[in-house]
Structures are given as C-alpha cells and as structure tokens.
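Below is one structure, written out as structure tokens, with a few remarks after it.
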Amino acid sequence: MTTLLEVKNVSKQFGKDTKALSNVTFSVKEGEFVSVIGPSGAGKSTLLRCINRMVDASSGEIIFDDAYVHQLNKKELKKVRTKIGMIFQHYNLVNRLSVIENTLHGRLGYKSTLAGALGLYSEDEKLQAARILQILGLEEQIYKRSDQLSGGQKQRVGIARALIQDPKLLLCDEPIASLDPNSSKIIMDHLRNICTSMGITVVVNLHQVDVALKYSDRIIGVNSGKVVFDGTAKSITSNDIHQIYGSDEGKLIFDLGGSHVS
Amino acid sequence: MSADVFAKKRRNSLLLLLIVGVATIVSIIITEYNMAKGFTSVPKAVQWALSNFYPTKDSLAKLPDILVKLKETLLISIAATTVAAVLAFIFAVLGSNTTKVNRFFGSISRGIAIIFRNIDVSVWSMVLLFSFGQSSFTGYFALFFGSFGFLTRAFIETIDEVSGSSVEALQATGANYLTVISQSVIPSTIPQMISWVLFMIETNIRNATLVGLLTGSGIGFTFNLYYKSLNYDIASLVVITIIISILCIEFISNYVRRVIL
C-alpha cells in the first residue's frame, strides 16, 4: 500500500512559550484507519488541523498525496483541502439550513466564486447528496432544518458533507465526544465502513481508548505534543496506554481484548 | 480563608454603594439642585400639561400637514438604517475575528466603526448642518452615521458568536472567501441581523425627532415650530402621532422577530 500522508518533524508554537506540538513524525498508508489518542490538551486537535493547515505548523513538513502541503499557496491549498474531509466534535453545521443544503456545502470547494457564492449545485450533485444521506440513514430528514436533528443525526450530516467532497482522507476531531453510546457506535460503524468499503483513509482523534482499540488498524499516542506510541491496535499493551496518558497502573478505565485490564 | 472571601466581597459592595452615595451628594451640592423643590414641582408640571398640552378640535385641522412630515421622518429613518446596515455588514465581515481578511483591515474597519459609534447623532446633526444646511440630507446622514457605527459593532458580535464553527467547516472543504461568507455567515446570522436592524429603525425614529429639532427638518421641526409659537395643542398632537407611530413600528418589528427567529 502506498503512503497517503506523511508528517515529518512538525512543531507548533502558540505564543512565546506554549508548545502544542514538538517534532511530531508519522505516516499514514492509503486505506488505513488511524486513531490518535492522548490526554486533553496533548495537542491532538492541533495535530489534526496542521494536516489541512487550518492551523499553520511552525516548522516541519506535511506531505499529502505527493503535495507538500506546508509550501502551498492559498489556491493550491484550497485544492488540496477539497480532497480532505473534516468532521468536528460540535458538527459545525449551519443550523438554519436544511440537511441537504449542509451536505451540499461539501461541494463548495470545487466551485468558482460566483457559483459558490450563489450556491448553484448541479442536478448530479443533488442526487449524489441524496444518495449519501440515504446510505447514512437520513433519507427521512433530507429537508429538515439541521437544528431539529439529534446529535447523532447532526454528526451523520457532518459525515455526509465530508463524503460528498469525494475525499481521499477524512480527519475526524473527536467525532463522538458529545454523543451517547448508541449514537457513538452508529458514527464509528459508519466511519469504519467508509474506510473499509470506500477505501477512504480515516484519521480520528478519540478520547475513548476502548473505541480506538476496537475500530482502528493503528494507534498513535500523543502526550504533551509528542508521539509516545505508534503501532497496531493489536500490539498495544496496558503499559503503553498508561504511558500515553501519563497515569499510574490501575488508574484508568479501559478494556483490552475482552478481559478487564487496569 | 473562605470566610475572608465573602467578607471581602461584602466590603467591596459596601464601598461601591458608599462611593455612589457620596458622588450623588457632592454633585447635588455643586449644582445647587434642590431635591425637595424638584419633586414638589412635578405636580405643577402635570397640572400645566393637563390644562394646556392636549389637542383641541381646531388643532386637528393641522393633522394632514403633520402626517406628511411624519411620513418623511419615518421614511428617512428607515432608509438611513437599511443603507447603513449594508455598509455595516461589509465592515463587520472585515472586522470580525472569524472572517477578517487580515489583522490590518480588521483593525481599520473596527477603528472606523468605533469613531462613528462614539459620536452621538446630535453631534452629527450639528456638524452636518454646516455642510448640508437645513435639509433632510442633514437628518439622513446624521442617522446614517450613527446607525452605521452601532450596527457594525452589533454585527461583529453576531458573526463571532454565531458563525465561527460553520466558517471553519467550510474553510476546511476548500471553499473560497466569498463562498464562505455567503453560504455560512449570511444564513446563520441573518435573523439576528434583521433583529438589530429593526431595533435600529425604532431607535432612529425616536432620534429623528431630536435630529429634526436640531437641524430644522422633519417632524422634530414641526414640533418645535408649534411649541415655540405657543400652539401647545398642536404640539401635543405632534407628540401623540409620534408615539402612535413608534408603537406601530414596535408592533411590526416584534411580529417580524417572532416569525424569523
């Protein structure tokens, strides 16, 4: 499998003495499902946003699909961003617009200023949006306003908006942190399914260790802006997890391979 | 330890109350304002208003003239507000932290808005009187400048509060600047913005009376004319028409708010 994303020695400094990331290096292969775990404030969100340059890294290289993302000018960056879908903890929908309008927003990166500003979508795009919403089980909600949906449904609209971009990579920033266990499972199942059946690479920030272990091919552990673990979900030991969270043995709740380990 | 915190809070509140009290007393002494006399003259004022300040049958003859002036004032207030709102929106987009193009333009547009906001409409009307003279232009621009400053500020806060998250999402899809504004900022902020514009129209109709008085145009001028010529009955009719029209506008804007929000 070819490498889709390479992050090399990326550092990010906020202000004078807040270092969010220091020398982060890892790579992601095409079609992989990678979870980034680590304590709150470890720099997971910053790391994800450095990949599509929603946040500019202070130093280091980011290579996505043979493009040197850190060197791109504005226009080229927009083009790269169309190939990277993003999913947010708080869904980031335009609440007053309908589900299908929010979904079609994923096409805006492909449009000229005029067509984008006026929101002109082709018949094909509308049909595709309807098709994606159907796959995600939202066919009944298509014309509803987004603020009438439940959290889980909103997140599925978020996924639809990312999918209609026809992306190669999905970046998911805490996609289930505000959802109940049932909705969380639906969302994670959809993400896993997108990865397996559509071949889209998924990088997801997670708080729930169990979920990360269950769904991912690979785990990247981040603590204080540094990568402290990088390996398959199967090979991770409880010791590794304690190291990622900087906690003592027996102080964490998680489930490693069926039996309760602490 | 925690008891100290509460004691300190109580002390601070007491101190604040004391300062306000002293300031009031000092200013009363300095301005030689006689409180007892002030309050006892209220009944006298009411008595005067009841015996002089009401419309009579004869004053009704002037109603058509008054209504013409009132209509002019209303239209000027609405026109000044709506045009100011369009300009304010552009400045707000440039000045908001969520949507600013860069820091330079951000500070400039916020700076301009601050200047316009902090000069009162009465000052604007006096200043503009020199350039435009006694015409409805003066009133129009006085209201326009005041509304522009205020609305820019209100719009900036609305944009920052409401559309931050969806702006981020659309930028992440690779959409360009104008697309993000028209597809995310406008749809998410439009109800609040309309609400602010309606509020501004109400305020401006009230201000228009004052501005008219100062610049010699519109309904304010009509009031001043009859009041100064001791036609209190007609002056009171003017006041009543103003109150009725403001109530109507308030009723309409409350209705619109209910529907859009």
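Residues checked against (1) more than 17 Å from the chain's Cα centre (by Cα); (2) away from every other protein chain (no Cβ under 14 Å); (3) closer than 20 Å to A:F33 by Cβ:
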residue	(1), (2), (3)
A:K111	yes, no, no
A:S146	yes, no, no
A:V157	no, no, no
A:A160	no, no, yes
A:P175	no, no, yes
A:M198	no, yes, yes
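Being modelled with pLDDT of 90 or more and more than 24 Å from A:K19 (Cβ to Cβ) is the filter here; which residues of segment A:211-262 pass it?
A:V211, A:A212, A:L213, A:K214, A:Y215, A:S216, A:D217, A:R218, A:G231, A:T232
How many residues are within 30 Å of A:Q13 (Cβ to Cβ), of a type in the set (A, V, I, L, M) and outside any loop (DSSP other than H, G, I, E, B) when one looks only at segment A:171-229?
Counting residues in segment A:171-229 that are within 30 Å of A:Q13 (Cβ to Cβ), of a type in the set (A, V, I, L, M) and outside any loop (DSSP other than H, G, I, E, B) gives 12.
Among the helices (runs of 4 or more DSSP H) lying completely within segment B:1-110, list those that include at least 1 residues that are closer than 30 Å to B:I243 by Cα and more than 29 Å from the chain's Cα centre (by Cα).
Here the list reads B:35-52.
Mind telling me which of the residues A:L206, A:L179 ends up being modelled with pLDDT under 95, over 13 Å from A:R156 (Cβ atoms) and not small (G, A, S)?
The unique qualifying residue is A:L206.
Evaluate the following for A:R107: is it at the interface with chain B (Cβ under 9 Å from one of its Cβ atoms) and touching a His at 6+ places or on another chain (Cβ under 7 Å)?
Answer is no for this residue.
Quick check on A:T82: is it at the interface with chain B (Cβ under 9 Å from one of its Cβ atoms) and within 25 Å of A:M54 (Cα to Cα)?
Yes.
Being out of contact with any Ser or Thr (no Cβ under 8 Å at 6 or more places or on another chain) and of a type outside the set (K, R) is the filter here, so list the residues in segment B:64-86 that pass it.
Listed by number, the residues that qualify are B:P64, B:V68, B:L75, B:S77, B:I78, B:A79, B:T82, B:V83, B:V86.
Which is crowded, with 22+ Cβ neighbours inside 10 Å, touching a residue at least 40 places away in the same chain (Cβ under 8 Å), polar (S, T, N, Q) and more than 21 Å from A:K29 (Cβ to Cβ), of A:Q165, A:Q155?
Of A:Q165, A:Q155, the one residue that is crowded, with 22+ Cβ neighbours inside 10 Å, touching a residue at least 40 places away in the same chain (Cβ under 8 Å), polar (S, T, N, Q) and more than 21 Å from A:K29 (Cβ to Cβ) is A:Q155.
Is there a residue being under 20 Å from the mean Cα position of the chain (by Cα), touching a residue at least 60 places away in the same chain (Cβ under 8 Å) and either more than 30 Å from A:I84 (Cβ to Cβ) or part of a helix (DSSP H, G or I) (or both) anywhere in segment B:221-234?
Yes, segment B:221-234 contains a residue that is under 20 Å from the mean Cα position of the chain (by Cα), touching a residue at least 60 places away in the same chain (Cβ under 8 Å) and either more than 30 Å from A:I84 (Cβ to Cβ) or part of a helix (DSSP H, G or I) (or both).
What do you reckon, is B:V180 buried (at least 19 other Cβ atoms within 10 Å of the Cβ), assigned to a helix (DSSP H, G or I) and within 14 Å of chain A (Cβ to nearest Cβ)?
Details: buried (at least 19 other Cβ atoms within 10 Å of the Cβ): yes; assigned to a helix (DSSP H, G or I): yes; within 14 Å of chain A (Cβ to nearest Cβ): yes.
Yes: the conditions hold for B:V180.
Here are some residues: A:K75, A:K16, A:K12. Which one is surrounded by fewer than 16 Cβ atoms within 10 Å (Cβ to Cβ) and not in a loop (DSSP other than H, G, I, E, B)?
After ruling out the rest, the residue left standing is A:K75.
For the list (1) within 25 Å of B:A80 (Cα to Cα); (2) surrounded by fewer than 24 Cβ atoms within 10 Å (Cβ to Cβ), I need the number of the one condition that B:D233 fails.
Among (1) within 25 Å of B:A80 (Cα to Cα); (2) surrounded by fewer than 24 Cβ atoms within 10 Å (Cβ to Cβ), the lone unmet condition for B:D233 is (1).
The values are calculated or read from the model by the stated rules, or taken from the named source; none is laboratory data. What you see is a predicted model; the values in this text were computed from it and never measured. Don't worry about glycine lacking a Cβ; one is built from the backbone with ideal geometry, like all the others, and counts go over all protein chains shown.
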